Structures are given as structure tokens and as C-alpha cells.
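The values are calculated or read from the model by the stated rules, or taken from the named source; none is laboratory data. Just so it is clear, the structure is predicted and the values come from calculations on it, not from any experiment. Reconstructed Cβ throughout: ideal geometry from the backbone, glycine too, with neighbour counts over all protein chains shown. We work out accessible area using only protein heavy atoms, side chains counted, and drop any ligands, DNA or RNA first. Shrake-Rupley method; radii C 1.70, N 1.55, O 1.52, S 1.80 Å.
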Amino acid sequence: MSATLIDGKAFAASIRERVAGHVARLKDDHGLTPGLAVVLVGEDPASQVYVRNKGKQTEEAGMASFEHRLPVDTPEADLLALIARLNRDAAVHGILVQLPLPDHIDAAKVINAIDPAKDVDGFHISNVGLLATGQKAMVPCTPLGCLMMLRDHLGDLSGQEAVVVGRSNIVGKPMAQLLLSDSCTVTVAHSRTRDLAEVCRRADILVAAVGRPQMIPGDWIRPGATVIDVGINRIPAPERGEGKTRLVGDVDFDSAVKVAGAITPVPGGVGPMTIACLLANTVTACCRANGLEEPEGLTA
Ligand code: NDP
């Protein structure tokens with residue numbers, strides 16, 4: 001048996017198309033252009049690539065993109081002043097501060113200074129609380145993308161046994177909340193979980209968000225399970241030439257694909273969904289800010 005591949009690249013393209021359609025309607029019917037401000041402090045190369053991609057895809061969807069690149073030694077107070085300005089700016093509907101921030105800046109303080117209604121990353125403490133209590137929130141992009149793929153592939157998720165490996169604030173915890181809201185029976189596993197293999201084998205839905213290359217082998221997977229691999233890990237690939245590397249997930253794809261019912265590949269699975277959901281959240285924020293109906297299927 002070989003699992004169905006869940007094509008995140010194609011699905012993300014379809015989300016971006018729906019976003020662009022909605023953006024066009026907002027312009028035509030209401031004269032509104034959703035705007036996303038991305039703030040980058042420092043010159044971390046991976047962050048620069050993410051920010052460039054976000055800006056490009058924002059513009060391709062017809063939205064306004066505002067990039068703020070600040071030097072690595074920017075004082076925290078200056079960053080907070082910029083956030084305050086963006087909070088007041090009516091052309092900005094979404095604000096994203098690229099993480100990680102330099103050590104001298106308190107990331108929690110900065111995130112919690114963002115207007116929760118513009119917090120398109122869904123990391124503000126108010127949005128975390130709203131999500132946890134089943135209220136309308138801005139939902140973190142990566143778990144939102146995972147949820148969309150699961151709903152698209154499985155339909156109604158209620159009653160499914162879901163295991164989330166990883167309990168970070170960015171992925172694991174909000175993923176578990178979303179699955180619980182969709183009436184799954186949810187187990188959250190982490191580094192102290194006893195007999196992780198047995199816990200994983202219970203899962204109809206297995207979400208891996210650990211950050212350890214190929215940690216979950218096929219024999220931890222229940223036959224027919226749906227596997228969402230959030231992990232993005234770069235490992236050496238000498239077979240491609242000296243010094244070459246390749247990306248792998250937290251799941252050992254080659255053994256998992258023989259057992260699972262469906263699986264997201266790495267790359268091309270969860271990764272492309274994250275920016276697509278960021279665009280979706282920006283449109284949602286713009287609609288909410290203007291008292292307009294939210295786009296269907298683009299929120300949790
Ligand atoms: P964190 O490092 O914040 O969290 C990792 C989690 O995995 C922790 O809860 C940790 O447990 C748990 N863990 C670590 N080792 C083990 C182990 N041996 N057994 C069981 N659990 C373990 O990572 P993130 O959540 O931020 O990211 C996870 C992965 O997802 C990374 O590969 C990251 O690159 C990727 N990612 C991908 C995104 C995308 O767009 N596709 C977006 C965000 C992240 P404990 O809490 O006990 O320490």
C-alpha cells in the first residue's frame with residue numbers, strides 16, 4: 001500500500017486564488033485594499049527569504065505589502081513605537097513581526113503590543129485565549145494550514161483520534177486546540193511522553209511538529225492514518241554532491257508512505273500552506289475591521 005500524497009503546494013495555490021478573488025471583490029465593492037505589514041529586525045538569512053516570499057505573495061494576491069527592515073541593534077522602544085504606528089495605520093490590516101527577534105528584545109512584549117485584530121500570526125495572548133475558549137480568533141498560520149488540509153482530505157473530523165507530537169506555542173498547542181474544536185479526541189505528546197511509539201500508533205490523525213529529522217518511522221503509524229508532517233529540517237545529502245543538503249520532515253517519509261493512508265511530503269506539504277494562510281488571515285482581518293462578511297473556508 002502507498003499513501004495518498006496531500007499536495008500542499010497545489011492546495012496553497014488554490015487558497016491564494018480564493019484570497020485574490022476576495023481581494024478583488026473588496027476593491028470593487030468597497031474600495032478596500034487589504035494591507036500586510038511585515039517587520040524584520042536584523043539580517044537572519046532564513047528570515048530574509050521568508051519576508052521576501054511573504055511580500056511577493058501578498059502583492060501577487062492584489063494586497064498592499066509594507067516591509068519594515070530594521071537594523072539588528074534596533075532598541076526595543078523603537079520597535080514598539082513602530083508597532084504602535086502600524087496599529088493606528090488604517091491601510092494596515094495585518095502586522096507580522098518576523099521571529100526570532102534579537103536577544104535584547106522581549107519577543108512576548110512586542111507580540112502583545114500588536115493590536116489583536118491585526119495579529120495575523122495569531123500569537124497575541126488575546127488570540128491565544130480566544131482560540132482556547134472556542135471564540136473567534138486570529139488563528140496561527142501553520143496549524144490553520146494543517147487544519148484546512150485535514151478538512152479537505154477527510155471532511156468531518158469529529159470523533160477522530162488525533163495525536164499532535166510537539167507542544168510549542170506556534171504549532172503544537174494551537175494545532176491541538178483546533179483539532180479539539182473540530183471534535184477530535186486529542187493527545188498532545190512532547191519530549192517527556194512515555195512510549196511515544198505507542199501513543200502515535202493510536203492516531204487516526206498524526207501531526208508531527210518536533211524539529212527532529214525523520215524521527216517518526218513508519219512502524220509508529222497506524223495503517224491508514226492521515227499524517228501531517230510540519231517539520232522542516234535540513235540534513236546533509238552527500239548523494240547530491242559534496243556539501244549539498246536537502247529538506248526532510250519529522251516523519252521518515254519512505255517508511256511512513258507504505259503505512260499511512262495519506263501523508264504530506266516535505267517539501268511541498270505544510271510549508272506552502274503557511275504563507276497562504278497568512279494571506280487568508282490578512283483578508284479576514286480586513287473584513288472584520290470593516291464589519292464585512294468574512295471569506296468562507298479561509299478561517300477556522
Ligand atoms: P519547537 O522547538 O518550539 O517545539 C518542538 C516540540 O517538540 C517541543 O514541544 C518538544 O517537547 C517536542 N520534542 C522535542 N524532542 C522530542 C522528542 N524526542 N519526542 C517528542 N517530542 C519532542 O518547534 P516548533 O513547534 O516551532 O517547530 C517544529 C517543527 O516544525 C520544526 O521542524 C520547524 O522548522 C517546523 N515548522 C514548520 C513550519 C512550516 O511552515 N511548515 C512553521 C513552524 C515550524 P518539549 O516541549 O517537551 O521540549
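Shape verdict for segment 162-222, please, from the Cα gyration tensor: rounded (a/c under 1.5), prolate (a/b greater than b/c) or oblate.
In terms of gyration-tensor shape, oblate.
Which Cys residues of the chain have no other Cys Cβ less than 4.7 Å away and so no disulfide-compatible partner by this rule?
Isolated Cys, the chain: CYS146, CYS184, CYS200, CYS286, CYS287.
Roughly speaking, what is the stretch gain from LYS244 to LYS136, that is 0.36 nm per residue apart minus the C-alpha to C-alpha distance, in nm to one decimal?
34.4 nm
Between GLU296 and ARG234, what FRET efficiency comes out of the Förster formula 1/(1 + (r/R0)^6) with R0 = 51 Å and r the beta carbon distance, rounded to 0.05?
Once rounded, the FRET efficiency stands at 0.85.
Report, in degrees rounded to the nearest 10, the 0 to 90 angle that the Cα long axis of helix 8-30 makes with the longest principal axis of the chain.
The two axes meet at around 20 degrees.
For the chain, what does the helix formula give at 222 nm: sum of -39500 (n - 2.57) over DSSP H segments with n ≥ 4, over the residue count, nearest 500 deg cm²/dmol?
Computed mean residue ellipticity for the chain: -12500 deg cm²/dmol.
State in Å² the accessible area per residue of segment 30-120; use a 1.4 Å probe, count heavy atoms of protein chains only, and round to the nearest integer.
Per residue, segment 30-120 has an accessible area of 47 Å².
Check cross-link reach from LYS27 to the lysines: straight Cα distance under 20 Å, and skip same-chain residues fewer than eight apart.
In chain and number order, the partners are LYS56, LYS118.
7 Å from Cα along Cα→Cβ at both ALA13 and ALA84: what's the point-to-point distance in nm?
Rounded to a tenth, the inter-label distance reads 4.6 nm.
Using only the Cα atoms of segment 146-290, build the gyration tensor, take square roots of its eigenvalues as a ≥ b ≥ c, and label the shape rounded, prolate or oblate: rounded if a/c is under 1.5, else prolate if a/b is larger than b/c, else oblate.
It is oblate, given that a/c is not under 1.5 and a/b is not larger than b/c.
Among HIS68, HIS93, HIS22, which one shows the highest mean-square fluctuation when the chain is modelled as a Gaussian network with alpha-carbon springs under 10 Å?
It is HIS68.
Which shape class, rounded, prolate or oblate, goes with segment 1-62 when its Cα gyration tensor gives a ≥ b ≥ c as root eigenvalues, a/c under 1.5 marks rounded, and past that a/b bigger than b/c marks prolate?
oblate
Need one number: convex hull volume per residue for the chain, Cα atoms only, in Å³.
Here the figure is 136 Å³ per residue.
Which of VAL128, VAL283, VAL72 ends up with the largest GNM mean-square fluctuation for the chain, with Cα atoms connected below 10 Å?
Comparing VAL128, VAL283, VAL72 in the GNM, the peak value goes to VAL72.
Using only the alpha-carbon atoms of segment 30-120 as identical scatterers, what base-10 log of I(q)/I(0) does the Debye formula give at q = 0.17, 0.25 Å⁻¹?
Calculated log10 I(q)/I(0) at the listed q: -0.69, -1.37.
Could you calculate the FRET efficiency of ALA46 with SER158 from 1/(1 + (r/R0)^6), where r is the beta carbon distance between them and R0 is 45 Å, rounded to 0.05?
That gives a FRET efficiency of 0.75.
Just how far, in whole angstrom, is segment 176-219 from segment 1-77 if you go by their alpha carbon centroids?
29 Å
Please list 3J(HN,Hα) in residue order for segment 284-293, calculated via the Karplus relation 6.51 cos²θ - 1.76 cosθ + 1.60 where θ = phi - 60°; whole Hz, with x for glycine and proline.
Going residue by residue, I get 4, 4, 5, 5, 4, 5, 10, x, 9, 4 Hz, with x marking Gly and Pro.
Can you tell me the orientation of helix 172-181 relative to the chain, as the angle in degrees between its alpha-carbon axis and the longest Cα principal axis, to the nearest 10?
Tilt of helix 172-181: around 90 degrees.
Springs between alpha-carbon pairs under 10 angstrom, Gaussian network model over the chain: which of ASP250, ASP103, ASP219 fluctuates most?
It is ASP103.
Cα-Cα over 27 Å: which of LYS173/LYS244; LYS9/LYS109; LYS9/LYS258; LYS109/LYS244?
From the list (LYS173/LYS244; LYS9/LYS109; LYS9/LYS258; LYS109/LYS244), the Cα-Cα distance tops 27 Å for LYS173/LYS244; LYS9/LYS109; LYS109/LYS244.
Amide H neighbours of THR299 under 5 Å, at least 5 residues apart or on other chains, H built in the peptide plane: list them.
Distant-sequence amide H within range of THR299: zero hits.
Give me the number: length gained by fully extending ARG202 to ILE125, i.e. 0.36 nm times residue separation minus the C-alpha to C-alpha distance, one decimal in nm.
Answer, rounded to one decimal: 24.5 nm.
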